[in-house]
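Asks: Let me give you the structure first, and then I'll get to my questions.
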Amino acid sequence: MTQLAHALQTVRDSLAAAATAAGRSPDEVTLLAVSKTFPAEAIREAYAAGQRAFGENYVQELATKAQQLADLAIEWHFIGPLQSNKTRPVAEVAHWVHSIERLKIAERLSAQRPAGMPPLNVCVQVNVSGEDSKSGCELAEAPALLRAVAALPQLRLRGLMCIPEPTPDTALLAARFGVLRQLQQQMAAEGMQLDTLSMGMSADMAQAVAAGSSMVRVGTAIFGARHYPA
């Protein structure tokens, strides 16, 4: 077993343990391997170890890797901030987009989704910590945005995503994740069934699973530390 395959299995085991501790089935939690900044060869190695869902933050990187790895049945997730002038490549390549924070972005993705492809799975990103530096729509604006996105023809609204501020405070993390869970329940009371909560990363995946996450975005714990260009 390679080092990457071992790291991937360790993360899977950790997620399964967190789900069991929370009284949930491990099958309820999907592992999304965040491969941003890592080469296609690393993704191919993770794929050989059984991983199928991969997340990318940058449009050009997603498009390039999807082309390089076209021989593999990868499920591509776009999880980074998305500008309106860069939606087309994402609409044409991705299976999921987690970072919808404005209706304009969703409208462009819907309009640019190729007719021969299934609807694009999307999540609305909510700024659960209220930080100006964080992406995501304001909590008060989320219900209206969710209703508008759900009405777009080439999209399939699946759920909600958040990125809380890094903190060792487990109670604060639970509160942040709880905001998303409460919003999910609020929309369910309106009849909108959102089956996905995209919550948790390498440092807080156990807390996210305990709070109800159905999709955890893990990069560093699988691929190692990132090295960004200067």
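The values are calculated or read from the model by the stated rules, or taken from the named source; none is laboratory data. Fair warning: this is a prediction, and the values are worked out from it, not measured in the lab. All Cβ positions, glycine included, derive from the backbone under ideal geometry; neighbour counts span all protein chains shown. Note: accessible area is taken over every heavy atom of the protein model, side chains too, but ligands, DNA and RNA are not part of it. Shrake-Rupley method; radii C 1.70, N 1.55, O 1.52, S 1.80 Å.
Asks: Would you be able to tell me the number of residues in region 144-180 that are under 23 Å from residue 104 (Cβ atoms), assigned to a helix (DSSP H, G or I) and under 19 Å from the mean Cα position of the chain (by Cα)?
Replies: Step one: list which residues in region 144-180 are under 23 Å from residue 104 (Cβ atoms), which gives 144-163, 180.
From what's left, assigned to a helix (DSSP H, G or I): 144-150, 180.
If we keep only those that are under 19 Å from the mean Cα position of the chain (by Cα) too, we end up with 145-146, 149-150, 180.
Summing the residues that are under 23 Å from residue 104 (Cβ atoms), assigned to a helix (DSSP H, G or I) and under 19 Å from the mean Cα position of the chain (by Cα) in region 144-180 gives 5.
Asks: Kindly indicate whether residue 21 is among the hydrophobic types (A, V, I, L, M, F, W, C), in contact (Cβ under 8 Å) with a residue 12 or more places away in the chain, open to solvent by 40 Å² or more (accessible area, probe 1.4 Å) and under 19 Å from residue 70 (Cβ atoms).
Replies: no
Asks: How many of the residues in region 24-43 are farther than 17 Å from residue 203 by Cβ and crowded, with 19+ Cβ neighbours inside 10 Å?
Replies: 3
Asks: Looking for whichever is within 17 Å of residue 6 (Cα to Cα) and out of contact with any strand residue (DSSP E or B) (no Cβ under 8 Å at 6 or more places or on another chain) here; the options are 42, 63, 46, 70. Which one fits? Show your work before the answer.
Replies: Working: 63 fails: within 17 Å of residue 6 (Cα to Cα); 46 fails: out of contact with any strand residue (DSSP E or B) (no Cβ under 8 Å at 6 or more places or on another chain); 70 fails: within 17 Å of residue 6 (Cα to Cα).
Just a single option satisfies the conditions, and that option is 42.
Asks: Continuing with this model, one more query. Is region 178-200 home to any residue that is free of Cβ contacts under 8 Å to residues at least 24 places away in the same chain and crowded, with 22+ Cβ neighbours inside 10 Å?
Replies: Checked region 178-200: at least one residue is free of Cβ contacts under 8 Å to residues at least 24 places away in the same chain and crowded, with 22+ Cβ neighbours inside 10 Å.
Asks: Does region 27-34 contain at least one residue that is of a type in the set (Val, Ile, Thr) and in contact with a Gly (Cβ under 6 Å, 6 or more places away or on another chain)? Quick ask: steps written out before the conclusion?
Replies: Initially, region 27-34 is screened for residues of a type in the set (Val, Ile, Thr), giving 29-30, 34.
In the following step, the residues that additionally are in contact with a Gly (Cβ under 6 Å, 6 or more places away or on another chain) were identified as 34.
Within region 27-34, one or more residues are of a type in the set (Val, Ile, Thr) and in contact with a Gly (Cβ under 6 Å, 6 or more places away or on another chain).
Asks: Now for a separate question. List the number of the failed condition for residue 134; all other conditions in (1) of a type in the set (Lys, Arg); (2) open to solvent by 40 Å² or more (accessible area, probe 1.4 Å); (3) at pLDDT 95 or above hold.
Replies: Looking at each condition in turn, residue 134 falls short on (3).
Asks: How many residues, within region 73-85, are assigned to a loop (DSSP other than H, G, I, E, B) and under 18 Å from residue 118 (Cα atoms)? Spell out how you get there, then give the answer.
Replies: Residues of region 73-85 assigned to a loop (DSSP other than H, G, I, E, B): 73-74, 79-83.
Pick out the ones that are also under 18 Å from residue 118 (Cα atoms) and you get 73-74.
Residues in region 73-85 being assigned to a loop (DSSP other than H, G, I, E, B) and under 18 Å from residue 118 (Cα atoms): 2 in total.
Asks: Filter region 44-69 for residues that are under 30 Å from residue 103 (Cα atoms) and in a loop (DSSP other than H, G, I, E, B); which is least open to solvent (accessible area, probe 1.4 Å)?
Replies: If we filter region 44-69 for residues that are under 30 Å from residue 103 (Cα atoms), which is where we start, we get 52-67.
From what is left, the residues that are in a loop (DSSP other than H, G, I, E, B) are 52, 57-58.
Numbers: 52: 101, 57: 30, 58: 104 Å².
Applying the filter and picking the extreme gives 57.
Asks: Hey, another quick one. If the Cβ limit is 9 Å and pairs must be 6+ apart or interchain, which residue in region 90-104 that is more than 14 Å from residue 80 (Cβ to Cβ) pairs with which residue that is of a type in the set (D, E, K, R)?
Replies: 91/108; 91/113; 92/113; 95/75
Asks: Still on this model: Given the condition open to solvent by 50 Å² or more (accessible area, probe 1.4 Å) and within 16 Å of the chain's Cα centre (by Cα), answer yes or no: does some residue in region 120-130 qualify?
Replies: No, region 120-130 contains no residue that is open to solvent by 50 Å² or more (accessible area, probe 1.4 Å) and within 16 Å of the chain's Cα centre (by Cα).
Asks: Name the single residue, out of those in region 122-131 being part of a strand (DSSP E or B) and touching a residue at least 40 places away in the same chain (Cβ under 8 Å), that is nearest to residue 196 (Cα to Cα). Full working, then the answer.
Replies: Initially, region 122-131 is screened for residues part of a strand (DSSP E or B), giving 122-126.
Filter once more, so that each one left must be touching a residue at least 40 places away in the same chain (Cβ under 8 Å): 123, 126.
Details: 123: 8, 126: 13 Å.
Going through the qualifying residues, I end up with 123.
Asks: Taking residue 41 as the residue in question, decide whether it is farther than 20 Å from residue 214 by Cα, touching a residue at least 40 places away in the same chain (Cβ under 8 Å) and either among the acidic types (Asp, Glu) or not in a loop (DSSP other than H, G, I, E, B) (or both).
Replies: On the way: farther than 20 Å from residue 214 by Cα: yes; touching a residue at least 40 places away in the same chain (Cβ under 8 Å): no; either among the acidic types (Asp, Glu) or not in a loop (DSSP other than H, G, I, E, B) (or both): yes.
In short, no.
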